1. Starting from the Cα of residue 416, step 7 Å along the direction of its Cβ; do the same at residue 117; then give the gap between the two resulting points in nm.
2. Give me 69, 220, 314 ranked fewest to most by other Cβ atoms within 10 Å of their Cβ, as a rough exposure proxy.
3. Along the stretch 211-222, what does the Karplus equation 6.51 cos²θ - 1.76 cosθ + 1.60 (θ = phi - 60°) give for ³J(HN,Hα), rounded to whole Hz, x for Gly and Pro?
4. Points 7 angstrom from Cα along the Cβ direction at residue 389 and residue 301: gap in nanometres?
5. Please list the non-local residues whose amide H lies under 5 Å from the amide H of residue 97, H modeled 1.01 Å from N, same-chain partners needing a gap of 5 or more.
6. Please identify which residues in the stretch 270-290 have an amide N closer than 15 Å to a label point set 7 Å out from the Cα of residue 236, following the Cα→Cβ vector.
7. What is the count of Lys pairs in the stretch 352-502 whose alpha carbons sit under 19 Å apart, if the two are 8 or more places apart or on different chains?
8. R0 = 56 Å: FRET efficiency of residue 432 with residue 363, Cβ-based, nearest 0.05?
Amino acid sequence: MRVARLLPFASVFASLLAADVAFGDAGALVGSWSAGPMIESVAFKTWVKECGPQPTGRTLAGGPYTISLSGDELVFSGANPFRTDQCLDTTMGSRVAHSANPTTGVWSTRCETPKDDPRMTQISTSVKATGDSKISVYEKATYSWTWASGTCAADVVRTWNFTNPRAAAAASSSAAPSATASATPPVPTATAPTATAVTRAPTATAPTTDCSAPGAAARLEVRPKRKVMRPGETFDFKARILDDAGCEVAEKAKFSIAPDAPAAAKGLTIDASGRVKTSDTTEPVALTLVVDGASQQAKVQLEVVSSDRYLDVLTKEGLDQSGADDQAVSVVVSGGGGGGGATVVDPRAQQDAKRKRIALLAIAGGAAALVALGALVLLRRSKAKDERSDAEKRRVREDAEREHARAKAAHEATVAAAQAALAQGTAKRCPTCGTIFPPDAEFCPLDGARLVAATSVAAAAPARPAPSPIVAARPAKMCPICGEKFPIEAGFCGKDGVALVPMN
């Protein structure tokens, strides 16, 4: 869902990045511009009557402006003149630090009151040019005035945007028109704090039950999930311990820096209530804050960045104007405050876990498909092998049958020749087994004995039957002299009388 909500802004971010790359000449900003309304909002911490009426946030109308160059600085001429080397609130404090980078289109200024002034004021102003079509001014002021009756403390945020009418005319029809106003407001001359960060509408629904007697702790809730600060700023993390009905219990959570976090930068402090203070000399640092409450623990992120990088971090990482990711980190206490384990409820983590489950299912499905494909291939190969084996068996059987027919015919021809020779008185016989042979035979292939003349039919032994198909199909012996092949039961060559040898 979070990704889906960001999709409509993808084209806007892409155009801003493209404009940043193309920007490189402050002279392109010279000319006529249109100022939108200057929005001021106030967040109070403490206030006493001695400071006068509490200031309220307001919106000052914009109008036409002309921008010119003075060295590396932009000069805004209009109803409320302004320069990039000064703060918007010129009534309190004086400039103590300034940086100008017209190549990247970023100007930063810091104003303060003297250290011994009871009306302590710290103001940070940033100006950023997006190409030659938009200029954004962001200012945060922290006021802490000390009087005999107490302290007046408030934070003020001012935002002011300028658009170039020439660039707007050349923009695509999908670009949103810049808001302008025709009224000419007076220069703000507030003697007390007049603005602070834009007040965020509460996200938690008010409990519908009676919270006069809260139940057992059921959930630890910390907000925001992440905060980005600049040196010299103060911020209060909020932590609540709630019961099952959403009522806040009396127990308070305590903040501390995680033991495994890097050493905090110089001048950075955090108290148990979640108030973070930084000094002007605080160096950039990223920390994990641990929140303990209801026997459970939650973690949030804190980062201090330089004023030059502040707007870039907010734009690129999707933080709000106060530099916060205002999602809550919730830790659920099992059994509504009874002890036991805890479950961290983080929508972004839930989305990441869901994507991981989908990815694992996809990987498992792919692996199963590969296994099934491999099994199919092996099955087909096995089937093809079986078919080749059956064909080989048929071929061997057919060869055996043909060899048996040939051997039988040869045997019958030998018997017929022997009988004819016997009738003519030219036949021979084996003196050992008595088998009759034609006159051209010299030795008995079964006994190896030299043949002798057959004197009568009575002396002849009956002819032996033809060898079996299994033996005849593949001759197992051969004559080492003439190479003639013989069945397995033969022992000698019928022509040479030598002992047969096995065939490989």
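A short reminder: the numbers here are calculations on the coordinates, not readings from a lab. For clarity, every value in this text was computed on a predicted model and none was experimentally measured. Reconstructed Cβ throughout: ideal geometry from the backbone, glycine too, with neighbour counts over all protein chains shown.
1. Spacing of the two 7 Å Cα→Cβ label points: 13.9 nm.
2. Ranking 69, 220, 314 by Cβ neighbours within 10 Å, fewest first, gives 69, 314, 220.
3. Karplus values, whole Hz, x for Gly and Pro: 9, 5, 9, x, x, 5, 4, 10, 8, 9, 10, 10.
4. 6.2
5. Here 110 satisfy the definition.
6. 271-277
7. Numbers: 383/393; 385/393; 408/477; 408/485; 428/495; 477/485; 477/495; 485/495.
Close lysine pairs under the 19 Å cut-off: 8.
8. After rounding, the FRET efficiency stands at 0.10.
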